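Inspection log for the structure reproduced underneath, given as structure tokens.
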Amino acid sequence: MPLLPSIYLSISLFSIGLVIVIVKQNAIMVLMGIELMLNAANINLVTFNQNTMNSQQGEFFAIFIIVVAVCEAAVGLAIIYKVYKYYNTSITDQVSELKG
């Protein structure tokens, strides 16, 4: 994969994810924006690793980020589910406090 188009793809994915995190109020959409930003980081890692010879560090870091993203999505969705059961909304502005 060529270097410059991959960087442009990564920048656009990260920008879209950042806009989603900032603009959207739905908690599930915020998680989707975070996932887009993590995928943009993965594209950068793999792209820059292709320019180094005999090195697999970029791919290993990308796999590690994918595992962290899966764990983050599972825990985040569980928290959103509990908040939705308690407040009957997934809009982040309407959740005023968390009780045990």
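The rows are residues; the columns are (1) closer than 13 Å to Leu31 by Cβ; (2) touching a helix residue (DSSP H, G or I) at 6+ places or on another chain (Cβ under 6 Å); (3) surrounded by 15 or more Cβ atoms within 10 Å (Cβ to Cβ).
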residue: Gln57; (1), (2), (3): no, no, no
residue: Ala69; (1), (2), (3): yes, yes, yes
residue: Val75; (1), (2), (3): yes, no, no
residue: Ser90; (1), (2), (3): yes, yes, yes
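Could you list, in sequence order, all residues of the range 1-33 that are in contact (Cβ under 8 Å) with a residue 40 or more places away in the chain and over 25 Å from Phe48 (Cα atoms)?
The initial filter retains those residues of the range 1-33 that are in contact (Cβ under 8 Å) with a residue 40 or more places away in the chain, namely 1, 3, 6-7, 25-28, 30-31.
Hits for the range 1-33 are Gln25, Asn26, Ala27, Ile28, Val30, Leu31.
Taken together, the residues in the range 1-39 that are polar (S, T, N, Q) and more than 17 Å from Ile65 (Cβ to Cβ) amount to 4. Between Ala27, Ala62, Ala40, the distinction of being surrounded by 11 or more Cβ atoms within 10 Å (Cβ to Cβ), touching a Ser or Thr at 6+ places or on another chain (Cβ under 7 Å) and modelled with pLDDT under 90 belongs to Ala27 only.
Only one of the numbered conditions (1) free of Cβ contacts under 8 Å to residues at least 12 places away in the same chain; (2) within 13 Å of the chain's Cα centre (by Cα) is violated by Ile66, and that is (1).
The values are calculated or read from the model by the stated rules, or taken from the named source; none is laboratory data. This structure is a prediction, so every number in the text was calculated from the model and none was measured. Glycine also receives a Cβ, built like all others from the backbone with ideal geometry; neighbour counts cover every protein chain displayed.
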